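Trainee: Take a look at the following structure, please.
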Amino acid sequence: MSETMHGIRLTGQTDLEGLTVSDVPIPDVRPGWVRIRVRAFGVNESEVTSRQGESSPDFSFPRILGIEGVGEVDSVGEGVDLAPGQKVATMMGGLGRNIDGSYAEYTVVDAANVIPFDTALGWDIVGALPEMLQTAHGSITSGLGLQTGQSVLVHGGTSTVGLTAIAIAHHLGATVIATTRNPAKSDLLKSVGADHALRDDETLPEAIRAIAPEGVDAALEFVGATALPDVLSLIRPGGTVCFVGALSGAWTVPDFDPFIIPTGVRLTSYAGEARDLPASALDQYLNAIESGALKVVIAEVFDGLDKVADAHRALESRREPGKYVVVLPAP
């Protein structure tokens, strides 16, 4: 094997033109870790933020970006029970933030953050899944404990995780109420499994109460923390709201008053890791996607590391809903 690989290694804050491919050292494997031959990865908002130099303190330069990826095991360190050639997914665990990420031909990650799988789906589809599937699955299971037959509000349904959460909740057998600020996207919400697609404006509370007069069983909050008081007011006693993201950029509630939480309603949050998506769950979702029972929305697929800048540009323009994916050529 050559001692170098192709990768996008940033030494500091940069614009799109700085996302250039160069030769970088192939990372070594150490005990308990796995080297993955990267075959595809999704592009995420956090990577745009990191490139722009606006990340949280856990991020540092120099860095190869990429918080998720799929590929095949290339080599394993001592104590790792995975065979070369095994298809795997990885995400989080500092990937692309305090350890080098997936914008390269190889990446090395802690085996605890590696999920083996087997599927006939193409890398273009599988590459879209790790981060959004893990977040949607974890927020629905750990954050809400959603059950078949319950109702769930997905506030901010056209985000990539929102669309995935709609699909998973529908597949679970829940009644899904999803919101969008753009009525033109209502059909998209319904196509992935929303039973009700509502416009997110001043009419939303009345529309939800018409559907669930006693209150909704559960809600996922993707719009922002400042929306929590209104969303909490729509939940039945014993129901749960899980705060997951902040499309609006509002991560906190100014002058937070605990009494914004109605009596008997639960407020949780979700910021999980790879371990929240066990291999058995990933396998079930892959089978459901293969059969057409679960729909994921992919906005566009880009071929090769030299197209990463184009993928970032498309993501920043928000020209299409769904995930932007980069697929690397076969070795």
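Please treat every number below as a calculation from the coordinates, not as lab data. Predicted model only: the values in this text are computed from it and were never measured. Using ideal geometry, Cβ is built from the backbone for each residue, glycine included, and neighbour counts are taken over all protein chains shown.
Trainee: Using a ≥ b ≥ c from the Cα gyration tensor of segment 131-269 (square roots of the eigenvalues), is it rounded, prolate or oblate, where a/c under 1.5 gives rounded and otherwise the larger of a/b and b/c decides, a/b for prolate?
Mentor: rounded
Trainee: If you don't mind, another one. Counting Lys and Arg as +1 and Asp and Glu as -1, each charge on the Cβ, what is the dipole of segment 131-269 about the Cα centre in debye, to the nearest 20?
Mentor: 260
Trainee: For a quick check: with amide H placed at 1.01 Å from N, whose amide H comes under 5 Å from ILE235's, ignoring anything fewer than 5 positions away on the same chain?
Mentor: Placed amide hydrogens put VAL216 under 5 Å from ILE235.
Trainee: I've got another one for you. Between THR14 and ALA120, what FRET efficiency follows from the Cβ-Cβ distance if R0 is 35 Å, with the result rounded to 0.05?
Mentor: Approximately 0.40, to the nearest 0.05.
Trainee: What list of ³J(HN,Hα) couplings, whole Hz, do you get for segment 10-15 from phi and the Karplus terms 6.51, -1.76, 1.60, once you set θ to phi - 60° and write x for glycine and proline?
Mentor: Per residue, the Karplus-derived 3J(HN,Hα) values read 9, 9, x, 3, 8, 8 Hz.
Trainee: Once both axes come from the Cα atoms, what is the angle between helix 160-172 and the longest principal axis of the chain, in degrees from 0 to 90, rounded to 10?
Mentor: Between helix and principal axis, roughly 70 degrees.
Trainee: Please give the charge dipole size of the chain, origin at the Cα centre, charges +1 on K and R Cβ atoms and -1 on D and E Cβ atoms. Round to the nearest 20 debye. Each step should come with its number before you reach the end.
Mentor: On the way: 23 positive and 42 negative charges, 87 e Å.
Dipole of the chain, to the nearest 20 debye: 420 debye.
Trainee: Given Cα pairs under 8 Å that are at least 6 residues apart, what percent is the relative contact order of the chain? Can you show the working numbers first?
Mentor: Numbers: 773 pairs, mean separation 60.1, N = 331.
Worked out over the chain, it gives 18 percent.
Trainee: State which stretch of the chain is the longest one without any exposed GluC sites (Glu not before Pro), exposure meaning a DSSP loop state and at most 15 other Cβ atoms within 10 Å.
Mentor: Working: sites that count: GLU3, GLU54, GLU78, GLU202, GLU214, GLU273.
By the stated rule (loop sites, at most 15 other Cβ atoms within 10 Å), 79-201.
Trainee: Of LEU95, ILE115, SER22, which is farthest on the positive side of the dipole of the chain, counting Cα position, with +1 on Lys and Arg Cβ, -1 on Asp and Glu Cβ, and the Cα centre as origin?
Mentor: Of the candidates, ILE115 comes out farthest on the positive side.
Trainee: Same structure, new question: How far apart, in nm, are two points set 7 Å out from the Cα along the Cα-to-Cβ line at THR49 and at ARG181?
Mentor: Distance between the two pseudo-spin positions: 1.7 nm.
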